[in-house]
Amino acid sequence: MQEGQTDGGGRIGPILYLRGCDRERLRLAALVVTPEGEGTPPALETDAGPVSPERIWQCGGRDVLRYSFDLPATAGAAYRFDGESFEVAADLSGDLHIGFVSCNGQEHGDLSRPGDERNLMWRRLAERHRDRPLNLLLHGGDQLYADEVTEAHPLATGWPKAVPQNLREDTTAELSAALSEAFFERYTEQLAQPGFAWLAARVPSLAMWDDHDICDGWGSLKERKLDSPLGRALFAAARDHFLIFQFAAAPGEVPEICSDRSGQSLGWRVEIPGATLLAPDLRSERRPERVMGEAGWRAFRADLASVREGRVLLVSSVPALGPRLSIVERLMKLTPWMEKYEDDLRDQWQSRWHREEWRDFLRALVAVHERPGCRVSLLSGEIHLATRGTMKTAEGDIHQLVASGISHPAPPGAYATVLGVLARFGEAPLPRHPIRLHPLPGQGGVYAAERNFLRLERNADTWTAVWELEDSGPTAPMPL
Ligand SMILES: [Fe+2]
């Protein structure tokens with residue numbers, strides 16, 4: 001199997017997930033989906049011997065298996081699965097090559113697009129891996145566009161406009177089962193996509209969700225919708241499948257990389273030599289008037305407090321630095337037809353509803369960046385455009401690198417131009433820390449309206465970023 005790691009008989013994977021590492025070992029999990037009752041599960045082997053799988057989920061006649069194993073932290077480490085050998089660039093202690101992607105899909109008809117066209121940027125990332133093996137793949141949100149799962153049950157099709165408020169218990173159970181199956185189907189179809197599947201078997205992933213992994217604007221919608229039986233069933237099914245397919249965890253487990261052991265917030269932290277990878281969960285506890293709840297904030301502050309030195313790569317699924325949107329929000333007359341746009345704006349850190357929380361978030365980042373020996377860099381997706389931003393601090397700029405989406409089509413160029421005009425206003429939610437947005441190296445406008453992904457390199461302690469744009473190609477490396 002050279003491209004999609006699926007054999008046509010319903011088997012998908014292996015898909016690798018990073019669990020942790022030190023200078024000697026890389027700890028991994030591999031997920032494989034097999035037809036139920038296939039017999040003896042396929043063997044996964046390392047030089048240390050065979051690894052037995054655990055079954056973490058079952059659905060629609062298929063088993064989800066997880067293999068937990070270690071590899072030596074060397075450049076040429078490998079594991080074997082079902083007769084095939086997979087090399088993993090498992091040495092994270094020296095030079096590094098990291099991929100960052102987001103927005104892997106589109107709201108409607110995602111998987112009925114011609115595969116070659118849909119997965120073009122995945123194949124390009126796979127080529128880059130062949131040139132220089134990627135050590136890690138970070139996913140910054142919208143790994144799945146779940147929007148169409150609500151077509152799975154007649155009571156859900158009106159979401160989010162028509163939301164039934166009172167449902168009998170057995171109806172709710174039936175609704176939950178239909179949504180759960182629909183999530184399972186979407187994830188399995190998506191994970192088998194060529195390009196992605198080839199990479200995912202060779203490069204360990206770390207992922208944080210955004211709204212579309214649940215539904216458009218989750219958390220920013222009206223509370224009566226979020227708290228309805230349908231809203232709760234939708235979130236529960238999305239969360240179960242986020243755990244299964246983006247962490248290789250059973251729905252009842254809290255992944256070991258998550259600091260909030262109650263599992264209310266699924267923000268994570270992974271230390272690698274010389275760097276900390278961090279991703280707060282901006283969705284699990286989101287409400288119209290807050291981005292994170294108590295559990296999320298406690299975990300996020302603890303994760304930041306544990307950073308001693310080195311590079312902090314912080315994934316903020318929604319950009320933490322952006323143009324001033326509060327003006328637009330104020331100008332909006334909140335007529336009913338503007339409701340959708342109001343929800344969209346509320347979904348951003350810059351919304352006036354989140355202003356105090358945004359300041360707290362930025363203050364926390366500045367405090368880490370200004371610690372001796374620490375540098376914070378932000379990675380974001382969400383906007384289906386590529387751009388970059390800076391926030392001034394006493395110890396130099398904090399950079400934000402936005403790469404989005406790897407398979408979501410770019411919006412019209414006019415949209416990028418309007419956003420570019422807004423970006424000229426600048427923004428300074430914290431005094432003495434102005435935020436500025438900038439064009440990518442070699443680009444004219446602040447926002448590049450092309451499909452894209454980002455590659456980060458660490459060469460002898462020097463970090464650089466390269467955006468790969470669908471038509472314009474790679475940018476010049478930008479020092480961080
Ligand atoms: Fe997106």
Report task. Please enumerate the residues belonging to segment 77-110 that are in contact (Cβ under 8 Å) with a residue 12 or more places away in the chain, assigned to a strand (DSSP E or B) and either polar (S, T, N, Q) or within 16 Å of the ligand (Cβ to nearest atom) (or both). Result -> F100, V101
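For every residue, the table says whether it meets (1) surrounded by fewer than 23 Cβ atoms within 10 Å (Cβ to Cβ); (2) in contact (Cβ under 8 Å) with a residue 12 or more places away in the chain; (3) under 29 Å from R224 (Cα atoms); (4) among the hydroxyl-bearing types (S, T, Y).
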position: D116; (1), (2), (3), (4): yes, no, no, no
position: T150; (1), (2), (3), (4): yes, yes, yes, yes
position: L179; (1), (2), (3), (4): no, yes, yes, no
position: Y187; (1), (2), (3), (4): no, yes, yes, yes
Report task. Being touching a strand residue (DSSP E or B) at 6+ places or on another chain (Cβ under 7 Å) and either charged (D, E, K, R) or modelled with pLDDT of 90 or more (or both) is the filter here, so list the residues in segment 417-449 that pass it. Result -> E427, A428, H433, I435, R436, L437, H438, L440, P441, V446, Y447, A448
Query - Cβ pairs under 6 Å, 6+ apart, first in segment 119-143 and under 13 Å from N452 (Cα atoms), second away from the ligand (no atom under 16 Å from the Cβ) and open to solvent by 50 Å² or more (accessible area, probe 1.4 Å) - result: N119/P194
Requested in this report: Output the residue which, of all residues in segment 125-147 that are charged (D, E, K, R) and within 16 Å of the ligand (Cβ to nearest atom), is surrounded by the most Cβ atoms within 10 Å (Cβ to Cβ).
Outcome: D142
Requested in this report: Would you please name the residue that is nearest to the ligand (Cβ to nearest atom), looking only at residues in segment 405-422 that are farther than 20 Å from S317 by Cβ and open to solvent by less than 40 Å² (accessible area, probe 1.4 Å)?
Outcome: A416
Requested in this report: Given the conditions (1) more than 16 Å from the ligand (Cβ to nearest atom); (2) within 30 Å of A275 (Cβ to Cβ), report the number of the one that W122 does not fulfil.
Outcome: (1)
Query raised in the report: Of these, L230, L304, L234, which one is at pLDDT 95 or above and surrounded by fewer than 23 Cβ atoms within 10 Å (Cβ to Cβ)?
Result: L304
Query raised in the report: more than 28 Å from P409 (Cβ to Cβ) and touching a residue at least 40 places away in the same chain (Cβ under 8 Å): does that describe T172?
Result: yes
Query raised in the report: Which one of the conditions (1) within 16 Å of the ligand (Cβ to nearest atom); (2) modelled with pLDDT of 95 or more does R113 fail to meet, given that it meets all the rest?
Result: (2)
Report task. Output the residues belonging to segment 359-398 that are closer than 19 Å to A302 by Cα, among the aliphatic types (A, V, I, L, M) and out of contact with any Phe, Trp or Tyr (no Cβ under 9 Å at 6 or more places or on another chain). Result -> L365, V366, A367, V368, V376, L378
Query - Boolean, A299 is part of a loop (DSSP other than H, G, I, E, B), touching a strand residue (DSSP E or B) at 6+ places or on another chain (Cβ under 8 Å) and buried (at least 24 other Cβ atoms within 10 Å of the Cβ) - result: no
Query - Subset of segment 437-455 (residues that are assigned to a strand (DSSP E or B) and either open to solvent by 40 Å² or more (accessible area, probe 1.4 Å) or small (G, A, S) (or both)) - result: H438, A448
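The values are calculated or read from the model by the stated rules, or taken from the named source; none is laboratory data. Everything quoted here is computed from the prediction, not taken from an experiment. With ideal geometry, Cβ positions are generated from the backbone for all residues, glycine too; neighbour counts draw on all protein chains shown. To get the accessible areas, we keep the full protein, side chains included, count just its heavy atoms, and leave off ligands, DNA and RNA. Shrake-Rupley method; radii C 1.70, N 1.55, O 1.52, S 1.80 Å.
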